[in-house]
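*Asks:* Here's a structure for you.
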Amino acid sequence: MKKLLSILPRWFPALLLMTVIFIFSSQPSDELPNFASWDRLVKKTGHAIGYGLLALSYLHFFNYDKKRYWLSWLLAVLFSATDEFHQSFVPGRHSSPFDVLIFDNSGALLALLLHWFYWKKNEKESQPDEMA
């Protein structure tokens, strides 16, 4: 029980994001906002941002372990696939492998790559200069 309580704070961001994604994907199509000519761009960008944040929250759960970037990406893409399946049961919605493969995957990859480069840059800056 003690170990579970120590893991829960690190797991909370991922659980929160998974819940938010599930709630959004549970909305029937006629209840979703319409952004006029910007609708597709706004919604697909939302996919990328949401799954980018989810991948980062998984990485947070793994204590930013350098060897867990791939697992953080995989978990985000797998959740995306299950969420698209879930959408197939929502009135007026459909599942789209294109969303998983393009927008959700890209968002997760981009967020993790940006984090990787940020981490590498900070790692180099924190190393002491070598004397010539």
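*Asks:* Which one of these does residue 124 not meet: (1) farther than 17 Å from residue 46 by Cα; (2) charged (D, E, K, R); (3) surrounded by 13 or more Cβ atoms within 10 Å (Cβ to Cβ)?
*Replies:* (3)
*Asks:* At pLDDT 90 or above, assigned to a loop (DSSP other than H, G, I, E, B), surrounded by 10 or more Cβ atoms within 10 Å (Cβ to Cβ) and among the aromatic types (Phe, Trp, Tyr), is that true of residue 69?
*Replies:* Values: at pLDDT 90 or above: yes; assigned to a loop (DSSP other than H, G, I, E, B): no; surrounded by 10 or more Cβ atoms within 10 Å (Cβ to Cβ): yes; among the aromatic types (Phe, Trp, Tyr): yes.
Spelling it out, it is not the case that residue 69 is at pLDDT 90 or above, assigned to a loop (DSSP other than H, G, I, E, B), surrounded by 10 or more Cβ atoms within 10 Å (Cβ to Cβ) and among the aromatic types (Phe, Trp, Tyr).
*Asks:* Restricting attention to segment 35-53, which residues are out of contact with any Phe, Trp or Tyr (no Cβ under 6 Å at 6 or more places or on another chain) and under 18 Å from residue 112 (Cα atoms)?
*Replies:* 45, 46, 49, 50, 51, 52, 53
*Asks:* Is there any pair linking a residue in segment 107-120 that is touching a residue at least 24 places away in the same chain (Cβ under 8 Å) and surrounded by fewer than 18 Cβ atoms within 10 Å (Cβ to Cβ) to one that is in a helix (DSSP H, G or I) and of a type in the set (Asp, Glu), with Cβ under 8 Å and at least six apart or on different chains, and which?
*Replies:* Listed pairs, sorted by first residue: none to list.
*Asks:* Only residues that are over 17 Å from the mean Cα position of the chain (by Cα), part of a helix (DSSP H, G or I) and under 24 Å from residue 106 (Cβ atoms): list them for segment 1-35, please.
*Replies:* Hit for segment 1-35 is 29, nothing else.
*Asks:* Let me ask something else. Consider segment 27-41. How many of its residues are under 10 Å from residue 93 (Cβ atoms) and either in contact with a strand residue (DSSP E or B) (Cβ under 6 Å, 6 or more places away or on another chain) or surrounded by 11 or more Cβ atoms within 10 Å (Cβ to Cβ) (or both)?
*Replies:* 3
*Asks:* Residues of segment 29-74 being in contact (Cβ under 8 Å) with a residue 40 or more places away in the chain and aliphatic (A, V, I, L, M), which ones?
*Replies:* The answer is 48, 49, 53, 54, 55, 56, 59.
The values are calculated or read from the model by the stated rules, or taken from the named source; none is laboratory data. Please read these numbers as outputs of a predicted model, since none were measured by experiment. When we count neighbours, we look across all protein chains shown, and the Cβ atoms used for this are built from the backbone with ideal geometry, even at glycine.
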